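Engineer: First the structure, which I've put down as structure tokens, then a few questions once you've had a look.
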Amino acid sequence: MKARVADESAFVLHRYDWSETSLVLEVFTRYHGRIALVAKGVKRPTSQFRPVLLPLQPLQLSWSGDAEVRTLKAAHWVGGHVMPTGEALIAGSYLNELLVKLLARDDPYPRLFDWFATAVHTLADQPEARTVVLRAFELLMLREIGLLPDLVREGATLSPLLDGERYVLQAESGLRVAHEDDHHALDAGRWRDLQQALDDPAPFVPVLRVCADIAPTLRIPLRNLLHYHGGVRVFRTRQLMLDVQAMRRRRGHAADAASTDS
């Protein structure tokens, strides 16, 4: 008898063609982790799944099967927020890509699922906070899957951080004392604050608060850490985000030049 799961909370992370009428979905579920589902006939205009299986939308899914790719049986939109738009949509797609690249299939992370749901809701409700939301989720995800170094000790010596010293986060070895030419260093107290926020029983909001002041400094070290563990040189959605921002800057410069000429 094939295993069957009913009404599991989930998000669609990625989708690709399976046949002329079907898709394979990479989905993140609360109690079963990241799994692959085949949605048969979903590309037909009459499919009941077609308007439901959208990214960054909370869903309830039912499926059957015990192979690597299970069969989708039912899908329902839960509601609760609208889909993020603009750069917030790209940011949400980046979170999807992180989960696909860094989560092994069939490993459940219910707390991470809840933080992802909160991050997506925040991107939709407060798109101007997207940078802080991205840094907070990156930290929480790395911590939850065991890839974030200890933020209160030097990586090489395991000795506690010293007051008054500044430290940088390295992908291979964790924290080390900053050199004069390091541009992404934080003092020991900031790293301790971040570790304390991550250790909170409900860490999402505490981590957001700490990241509000240090998000720009964390961007490059966390990117390097994610590239190192994800085995990629660049995340496609992050590059898309940078391309969109660059295009907007070029348009702004062109508008300023036109205004000066006139």
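Engineer: Return P(r) of segment 34-88 (all Cα-Cα pairs; 10 Å bins starting at 0; whole %; ordered from short to long distances).
Structural biologist: In order of increasing distance, the bins hold 22, 46, 27, 5 percent.
Engineer: Taking every eigenvalue of the Cα gyration tensor of the chain, multiplying by 5 and rooting it, what semi-axes result, largest first, whole Å?
Structural biologist: Output for the chain: semi-axes of 35, 26, 16 Å.
Engineer: Select from Leu123, Ser9, Ser22 the residue farthest towards the positive end of the dipole of the chain; place +1 on Cβ of Lys and Arg, -1 on Cβ of Asp and Glu, and compute about the Cα centre.
Structural biologist: Working it through, the farthest residue towards the positive pole turns out to be Ser22.
Engineer: Counting other C-beta atoms within 10 Å, and keeping those with at most 10, which DSSP coil GluC sites (Glu not before Pro) do you find in segment 1-110?
Structural biologist: Taking segment 1-110 and a limit of 10 other Cβ atoms within 10 Å, the loop GluC sites (Glu not before Pro) found are Glu20, Glu68.
Engineer: Compute the helix-to-body angle for 236-261: its Cα long axis versus the longest principal axis of the chain, expressed 0 to 90° and rounded to tens.
Structural biologist: 70 degrees
Engineer: Same structure, new question: Can you count the Lys pairs in the chain whose Cα atoms are under 23 Å apart, with each pair 8 or more apart or on different chains?
Structural biologist: On the way: Lys2/Lys40; Lys2/Lys73; Lys40/Lys73; Lys43/Lys73.
Lysine pairs meeting the criterion: 4.
Engineer: Kindly provide the helix-only [θ] at 222 nm of the chain, computed as the sum of -39,500 (n - 2.57) over DSSP H runs of four or more divided by all residues, to the nearest 500 deg cm²/dmol?
Structural biologist: Mean residue ellipticity at 222 nm (helix-derived): -14500 deg cm²/dmol.
Engineer: Using the crude model of +1 on Lys and Arg Cβ and -1 on Asp and Glu Cβ, and no other charge, please compute the dipole size for the chain relative to its Cα centre, in debye to 20. All intermediate terms of the calculation are to be shown ahead of the outcome.
Structural biologist: Working: 32 positive and 32 negative charges, 232 e Å.
It works out to roughly 1120 debye.
Engineer: Using amide H atoms built 1.01 Å from N in the peptide plane, name the residues 5+ places from Glu165, or on other chains, whose amide H lies under 5 Å from its own.
Structural biologist: So Glu165 has HN proximity to Ala188.
Engineer: In angstroms, what radius of gyration and Dmax does segment 1-133 have, counting Cα atoms only?
Structural biologist: 14.4, 49
Engineer: Angle, helix 130-144 long axis vs. longest principal axis of the chain, Cα atoms, 0 to 90°, nearest 10?
Structural biologist: The answer is roughly 80 degrees.
Engineer: For segment 72-166, what is the Kirkwood estimate of the hydrodynamic radius, computed as the reciprocal of the mean inverse distance between distinct Cα atoms, to one decimal in Å?
Structural biologist: For segment 72-166, inverting the mean 1/r across all distinct Cα pairs yields 15.5 Å.
Engineer: Distance between Cα centroids, segment 147-192 to segment 51-115: provide it in whole Å.
Structural biologist: 34 Å
Engineer: What angle, in degrees between 0 and 90 and rounded to the nearest 10, separates the Cα long axis of helix 110-125 from the longest principal axis of the Cα atoms of the chain?
Structural biologist: Its long axis makes an angle of about 80 degrees.
Engineer: Hey, any idea what % of the chain's accessible area is carbon plus sulfur with a 1.4 Å probe?
Structural biologist: 51 percent
The values are calculated or read from the model by the stated rules, or taken from the named source; none is laboratory data. Predicted, not measured: the structure shown is a model, and the values here were computed from it. Here the Cβ is made from the backbone with ideal geometry for all residues, glycine too, and neighbour counts use every protein chain on show. Keep in mind that these areas ignore ligands, DNA and RNA; they rest on the heavy atoms of the full protein, side chains included. Shrake-Rupley method; radii C 1.70, N 1.55, O 1.52, S 1.80 Å.
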